[in-house]
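The values are calculated or read from the model by the stated rules, or taken from the named source; none is laboratory data. Fair warning: this is a prediction, and the values are worked out from it, not measured in the lab. As a convention, Cβ positions derive from the backbone with ideal geometry for all residues, glycine included, and neighbour counts pool all protein chains shown. These accessible areas exclude ligands, DNA and RNA; they are computed on the full protein's heavy atoms, side chains included. Shrake-Rupley method; radii C 1.70, N 1.55, O 1.52, S 1.80 Å.
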Amino acid sequence: MVAMPARSPENQDERNKDEKSSYFNLPALDISLAFPQATPASVFPPCTSDYYEFDDLLTPEEQTIRMKVREFMEKEIAPIMAKYWERAEFPFHVVPKLGALGIAGGTIKGYGCPGLSISASAITAAEVARVDASCSTFILVHSSLAMLTISIGGSELQKNKYLPSLAQLNTIGCWGLTEPNYGSDASALQTTATKVAGGWILEGQKRWIGNSTFADVLVIFARNTSTNQLNAFIVKKDAPGLQATKIENKIGLRIVQNGDILLKKVFVPDEDKLLGITSFWDINKVLAASRLIVAWQPIGISMGVYDMCHRYLKERRQFGAPLAAFQIPQQKLVQMLGNIQAMILVGWRLCKLYEKEKMTLGHVSLGKAWITLKARETVSLGRELLGGNGILTDFLVAKAFCDLEPIHTYEGTYDINTLVTGREVTGIGSFKPAALNQRSRL
Ligand SMILES: Cc1cc2nc3c(=O)[nH]c(=O)nc-3n(C[C@H](O)[C@H](O)[C@H](O)COP(=O)(O)OP(=O)(O)OC[C@H]3O[C@@H](n4cnc5c(N)ncnc54)[C@H](O)[C@@H]3O)c2cc1C
């Protein structure tokens, strides 16, 4: 028997040196060369997930914008998204191109905004999310939260001042409700707004605020110390006392720059208070509309995952046949497809209820919660179908799988949305433990 040399620290150092020179300095092999049998998501798969021909339910204008967004996302975003996602960096160079798509501002009419139908706005969110959920969240926060709040709560002067450049994405918005100690319980938030001569002093902290590290216009919610109600303020990027720090180490939506915001005696002039937001109920009006758009993000994510799996199963061969020829992969694929058709129909029905001004907070909360639940099942099946490549960002599914997790949590977690609908259908709120409810009644 040959004795192995002892692994002394010196030997280990030598081994490390050798390994470094032979492996670590080499660039990783391009995925198409390393795994030639299946096409990566940088060449995005054709849309095969619209099985029940949802297009038939859309107007010609809605169909046109859907195709325009789909083509843009497949051509411009698909080739770059995995790298930006891995580096957790934002691709600033695509912002003007996203602006030129004419989707920011969604349903807002006038002030340079596109005035889309709610269905068009929802479908564009899905089409963006189909290719990249981070991109979709960037637009959602900017458009369906920041811009919508200005549109609902702002004066004519404020709308004319802020909305046109936000619609072009020449300036970027963010929306700060959540605080470190008030997430699901956001209506109890503690950032304060105190009246002083000529304006307001904001003092407090925000957490998780998307786009906040680079936003020009920060819509911040704070408790009015005179009325004890929640109000909204437009804070400018360079306001003294404002600090936004990027939250690191996220496992999903890594391209989105979420920030912790510190507000230390930040002065906001009277002209930047949104007079139409006088309580949490006004914020709920924004949330109802934005939640409908959020509900379409998991639909888009699931469609992209299905499309990817559909192509992959035909390309990848094992045991002498494409994976698509085996019964178990087919069953999983069809389960995903069924989920997607049902999700689309629920999302579409919500749009129609919204158009007729019949959609309630309970309706949309049920929709967002249920669609996200089905999307989680769908991407999880997709992740199984791709085997080892199901954990690589190159083939979309792993990235989409991770991106869905924050969407399960933001705009009301699955639980909170369930409780919103539960309150509506029973007439009994169950957000607080019974003992606390009892106390608050006394
Ligand atoms: C990627 C990302 C982006 C975000 N972007 C923004 C943004 O741009 N602006 C913004 O203002 N916020 C943003 N948020 C914040 C988001 O809205 C909150 O994370 C969400 O409301 C949940 O709050 P929390 O994380 O503090 O969880 P918690 O409220 O601490 O909840 C933790 C768990 O407890 C459960 N729970 C809490 N209360 C109850 C209850 N009463 N009954 C039953 N279960 C309960 C929840 O369902 C959850 O499972 C973002 C979050 C993420 C992750």
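Scanning the range 408-436 for residues that are more than 8 Å from the ligand (Cβ to nearest atom) and hydrophobic (A, V, I, L, M, F, W, C), we see that the one that is surrounded by the most Cβ atoms within 10 Å (Cβ to Cβ) is 420. Condition check for residue 357 on (1) within 16 Å of the ligand (Cβ to nearest atom); (2) under 22 Å from residue 283 (Cβ atoms); (3) among the charged types (D, E, K, R): one failure, at (1).
Considering 82, 88, 125, 146, the condition of being within 16 Å of the ligand (Cβ to nearest atom), aliphatic (A, V, I, L, M) and in contact with a Ser or Thr (Cβ under 8 Å, 6 or more places away or on another chain) is satisfied by 125 alone.
Tell me, which residue of the range 171-186 that is of a type in the set (Ser, Thr, Tyr) and over 27 Å from residue 159 (Cβ atoms) is nearest to the ligand (Cβ to nearest atom)? Applying the filter and picking the extreme gives 184. One residue stands out in the range 22-77 among those that are of a type in the set (Asp, Glu) and touching a helix residue (DSSP H, G or I) at 6+ places or on another chain (Cβ under 8 Å): the one that is farthest from residue 352 (Cα to Cα), namely 76. Applying the criterion of being in a strand (DSSP E or B) and among the small types (Gly, Ala, Ser) to the residues of the range 203-240, the residue that is nearest to the ligand (Cβ to nearest atom) is 210.
Residue 107 - would you say it is surrounded by fewer than 21 Cβ atoms within 10 Å (Cβ to Cβ) and among the hydroxyl-bearing types (Ser, Thr, Tyr)? Answer is no for this residue.
Starting from the range 247-271, take each residue that is polar (S, T, N, Q) and list its partners that are open to solvent by less than 30 Å² (accessible area, probe 1.4 Å) and more than 11 Å from the ligand (Cβ to nearest atom), counting only C-beta distances under 6 angstrom and pairs at least six apart or across chains. These pairs meet every condition: 257/90. The helices (runs of 4 or more DSSP H) located wholly in the range 85-168 that include 3 or more residues which are closer than 14 Å to residue 289 by Cβ and either touching a residue at least 24 places away in the same chain (Cβ under 8 Å) or of a type in the set (S, T, N, Q) (or both) occupy 118-131, 148-153.
When 334, 346 are checked against the criterion of being open to solvent by less than 70 Å² (accessible area, probe 1.4 Å), more than 16 Å from the ligand (Cβ to nearest atom) and free of Cβ contacts under 8 Å to residues at least 60 places away in the same chain, a single residue qualifies: 346.
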